[in-house]
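**Q** Shown below is the structure under consideration.
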Amino acid sequence: MQDVELLVVGCGPAGGTAAREAARAGVETLVLEKDAVVGAKRVCAAGLRPGFCENFDLPRSIVHCDPPTIALHTLTGKRFEFPIGQGHTTTREELDGTIAAFARAEGAQIQTQALFRSYTRENGKTIVEFADTASGERRRVRAGHVFLALGSSARFDSGSPLGYDEWSAGLITCYQYRVYLERPAIPETYQTLELHYYVGASGHNVIAWMFPKRDHLSIGIGIPSKVSGKELRAELDAFLPTVERRLFPGVGYTIREEGNLLYGGAPRPTLSDGDVMLGGTAAGLVDATTGEGIHEAAMAGRLAAQAVAHAKRGRPSGAARAYERSLKSMFYGRLRHRHKLMTFLERAPMRFDLLFEQLARFPRFATMLQRDTNDFSFGEWLYLYTQAALFAVRVLRS
Ligand SMILES: Cc1cc2nc3c(=O)[nH]c(=O)nc-3n(C[C@H](O)[C@H](O)[C@H](O)COP(=O)(O)OP(=O)(O)OC[C@H]3O[C@@H](n4cnc5c(N)ncnc54)[C@H](O)[C@@H]3O)c2cc1C
């Protein structure tokens, strides 16, 4: 049986960053990734928040566009624009592939076609079992620490410490077209990330997006329930012309279709079990209002790497619990609030109009809502509560 200090499962932004930063800190690291090519099968709009590449030391070459604005469209057809600084778009082949290449360069071993099955505890170590899908063999690895970053497929038995009965209810079914245009869309297309909130023909709440890329547009929809492929395609086919009419009228195009699940519920209550840590989407670290999760995933990977490197330097036990504490203090305030807000808005989608109008009228409110942690001053809390009360009054009046 192979022995490693850190075993990472999944080579998305969470697993790749953990592997890169742990290996850089001298931790012997093995990554198990089920796909044959890292990032090739990831379905994602791949919008990155401003500063992402600098923060995670990634080259500008992966960036396709730098849209400085996000436009929020509502059920009633209103559009609200907000400056976001210099956001980025990319593709997951490039993002995940680049992080993986850096991780390898730091000394991490990445084994593809390795499908994680389970973990158990034996003599103070964690034993991970996986299937080598190239050879068809089952294998076991003994690890000092394990970082599970397997995305929305992270289901665990309800008896397991990491089990979470609400997980399935939080899954969002997503479908996306990569639209390859014969000539560029209108210039405004490449300056804006678009998010649309509406009720679809099927009666479901829909969140749709248009994210510009160098050579295509990512146009997709997410529906927060289980929906058949046929229904999803029909919803996306109904949405596509609304974007086409404004941004690329009369331009020919071809389409590549892709579908995937995203978790959009509340963050998972428990993130560690012995020396096992859970990160990224597997931990439920996705902003329910926007679907953003790449930044959260990469940060989770960084914190996991720091916890393991710290343990290697002197405090061998308690790394996973320290990781869980720091991750929760960094993200849980905002993500739990975002999940509650989204549930409230989706109950009566006219509320999106009311909220976006208020954000447009009070830019300070909009800026404060974008903050990751709830480390507001007394004056800021007072301002936020005043805005919340104003919103509540407007909702009651509407
Ligand atoms: C349609 C869509 C659009 C999105 N758009 C955006 C966006 O614009 N911006 C943004 O910030 N976020 C976006 N997200 C969210 C974002 O994709 C996730 O938050 C992010 O990918 C989380 O990274 P991760 O590393 O935790 O998991 P993932 O990126 O899901 O990576 C998990 C990895 O684990 C591997 N894996 C899974 N199961 C196993 C197993 N059993 N054994 C071994 N390996 C396994 C997978 O192959 C994958 O490589 C979007 C999501 C979807 C579905």
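None of the figures in this text is laboratory data; all of them are computed from the coordinates on show. Note that the coordinates shown come from a computational prediction; the quantities given were computed from them, not determined experimentally. Methodologically, a virtual Cβ is constructed for each residue, glycine included, from the backbone with ideal geometry; neighbour enumeration extends over all protein chains shown.
**Q** Quick one: Karplus J couplings for the stretch 90-100, per residue in order, coefficients 6.51, -1.76, 1.60, θ = phi - 60°, nearest Hz, x for Gly and Pro?
**A** My calculation for the stretch 90-100 gives 8, 10, 6, 4, 6, 5, 5, x, 5, 4, 5 Hz in order.
**Q** Helix 294-313 sits at what angle to the longest principal axis of the chain, using alpha carbons and giving 0 to 90 degrees rounded to 10?
**A** Approximately 20 degrees, to the nearest ten.
**Q** Please compute the net charge surrounding Asn205, taking Lys and Arg as +1 and Asp and Glu as -1 over other residues with Cβ under 12 Å from its Cβ.
**A** So the environment of Asn205 carries a net charge of 0.
**Q** Going by a ≥ b ≥ c, the root eigenvalues of the Cα gyration tensor, does the stretch 250-398 fall in the rounded group (a/c under 1.5), the prolate group (a/b larger than b/c) or the oblate group?
**A** oblate
**Q** Taking the Cα atoms only, what angle lies between the long axis of helix 13-24 and the longest principal axis of the chain, rounded to 10 degrees?
**A** The angle comes out at about 40 degrees.
**Q** Kirkwood Rh over Cα pairs of the chain into Stokes-Einstein at 37 °C, 0.692 mPa s: D in µm²/s?
**A** Taking Rh from Cα pairs, D becomes 150 µm²/s.
**Q** Let me ask something additional. With charges set only on the Cβ (+1 for Lys and Arg, -1 for Asp and Glu), what does the dipole of the chain come to about its Cα centre, in debye to the nearest 20?
**A** Magnitude of the dipole: close to 600 debye.
**Q** Between Val243, Val146, Val31, which gets the highest mean-square fluctuation from a Gaussian network model of the chain, Cα cutoff 10 Å?
**A** Among Val243, Val146, Val31, the largest mean-square fluctuation in the Gaussian network model of the chain belongs to Val243.
**Q** Also, quick follow-up: Taking the Cβ of Gly39 as the centre, find all other residues whose Cβ is under 11 Å away and add up their charges (Lys, Arg: +1; Asp, Glu: -1).
**A** -2
**Q** Please say if the stretch 91-242 is rounded, prolate or oblate, where rounded means a/c under 1.5 for a ≥ b ≥ c the square roots of the C-alpha gyration tensor eigenvalues, and otherwise the choice is prolate for a/b larger than b/c and oblate otherwise?
**A** In terms of gyration-tensor shape, oblate.
**Q** Follow-up. Relative to the first principal axis of the alpha-carbon coordinates of the chain, what is the inclination of helix 319-347, with its axis defined by its Cα atoms, in degrees from 0 to 90 and to the nearest 10?
**A** The answer is roughly 20 degrees.
**Q** For the stretch 169-263, with only Lys/Arg (+1) and Asp/Glu (-1) charged at the beta-carbon, what is the dipole magnitude about the Cα centre, in debye rounded to 20?
**A** 80
**Q** Which of rounded, prolate, oblate describes the stretch 1-107, given a ≥ b ≥ c as roots of the alpha-carbon gyration tensor eigenvalues and a/c under 1.5 marking rounded, otherwise prolate only if a/b is larger than b/c?
**A** Judged from the Cα gyration tensor, the stretch 1-107 comes out prolate (a/c at least 1.5, a/b above b/c).
**Q** I want to verify a result. In a Gaussian network model of the chain, Cα cutoff 10 Å, which of these has the top mean-square fluctuation: Tyr332, Tyr119, Tyr197?
**A** Tyr119
**Q** Only sites in a loop by DSSP and with at most 13 other Cβ atoms within 10 Å count here; which trypsin sites (Lys or Arg not before Pro) in the stretch 211-246 make the cut?
**A** Sparse-neighbourhood loop trypsin sites (Lys or Arg not before Pro): Arg214, Lys226.
**Q** List Ser317, Ser153 from most exposed to least, where exposure is judged by having the fewest other Cβ atoms within 10 Å.
**A** Lowest to highest Cβ neighbour count: Ser317, Ser153.
**Q** Would you calculate, for the chain, the mean residue ellipticity at 222 nm contributed by helices, counting each DSSP H stretch of 4 or more residues as -39,500 (n - 2.57) and dividing by all residues, to the nearest 500?
**A** Taken over the chain, the calculation gives -11500 deg cm²/dmol.
**Q** Another question about this same structure. Work from the charge dipole of the chain (Cβ charges, +1 for Lys and Arg, -1 for Asp and Glu, about the Cα centre) and give the residue of Ala100, Phe52, Gly16 farthest towards its positive end.
**A** Phe52
**Q** Per residue, what volume in Å³ does the Cα convex hull of the stretch 169-263 take up?
**A** In the stretch 169-263, the Cα hull volume divided by residue count equals 95 Å³.
**Q** What is the sum of charges around Val8, taking Lys and Arg as +1, Asp and Glu as -1, for the other residues whose C-beta is under 12 Å from the C-beta of Val8?
**A** Once all neighbours under 12 Å are counted, the net charge is -3.
**Q** Could you pull out every one of the aspartates and glutamates with an alpha carbon less than 18 Å from that of Lys78, ignoring same-chain neighbours closer than 8 positions?
**A** Glu188, Glu194, Glu244, Glu346, Asp353, Glu357
**Q** Would you look at the GNM of the chain, springs on alpha carbons closer than 10 Å, and say which of Gly15, Gly250, Gly265 moves the most?
**A** Gly250
**Q** Sort Asp157, Asp275, Asp57 so the one with the fewest other Cβ atoms within 10 Å of its own Cβ comes first.
**A** Ranking Asp157, Asp275, Asp57 by Cβ neighbours within 10 Å, fewest first, gives Asp157, Asp57, Asp275.
**Q** Tell me the label-point distance for the pair Arg394, Phe344, using the 7 Å Cα-to-Cβ offset, in nm and rounded to one decimal.
**A** A separation of 1.3 nm, rounded to one decimal place.
**Q** If you don't mind, there's one more thing I want to ask. Let me check against my output: what whole-number percent is the relative contact order of the stretch 212-345, with C-alpha pairs under 8 Å and at least 6 apart?
**A** So the answer I get is 22 percent.
**Q** Okay, moving on. Using 7 Å Cα-to-Cβ label points, what is the Lys78/Arg325 separation (nm, one decimal)?
**A** The two pseudo-label positions are separated by 4.5 nm.
**Q** Considering the dipole of the chain built from charges on the beta carbon (Lys and Arg +1, Asp and Glu -1) around the Cα centre, which of Ser153, Tyr332, His88 is farthest to its positive end?
**A** Towards the positive end, the residue furthest out is Tyr332.
**Q** In the chain, with Lys and Arg counted as +1 and Asp and Glu as -1 at Cβ, which of these residues, Gln111, His204, Gly301, has the Cα nearest the positive end of the dipole, that is, farthest along it?
**A** Going by the charge dipole, the pick is His204.
**Q** R0 = 22 Å: FRET efficiency of Glu257 with Leu369, Cβ-based, nearest 0.05?
**A** Given R0 = 22 Å and the Cβ-Cβ separation, E is 0.05.
**Q** Give the distance, in whole Å, between the Cα centre of the stretch 26-45 and the Cα centre of the stretch 282-345.
**A** About 19 Å separates the Cα centre of the stretch 26-45 from the one of the stretch 282-345.
**Q** By counting other Cβ atoms within 10 Å of each Cβ, how are Leu193, Leu217 ranked from fewest to most?
**A** Listing Leu193, Leu217 from fewest to most nearby Cβ atoms yields Leu193, Leu217.
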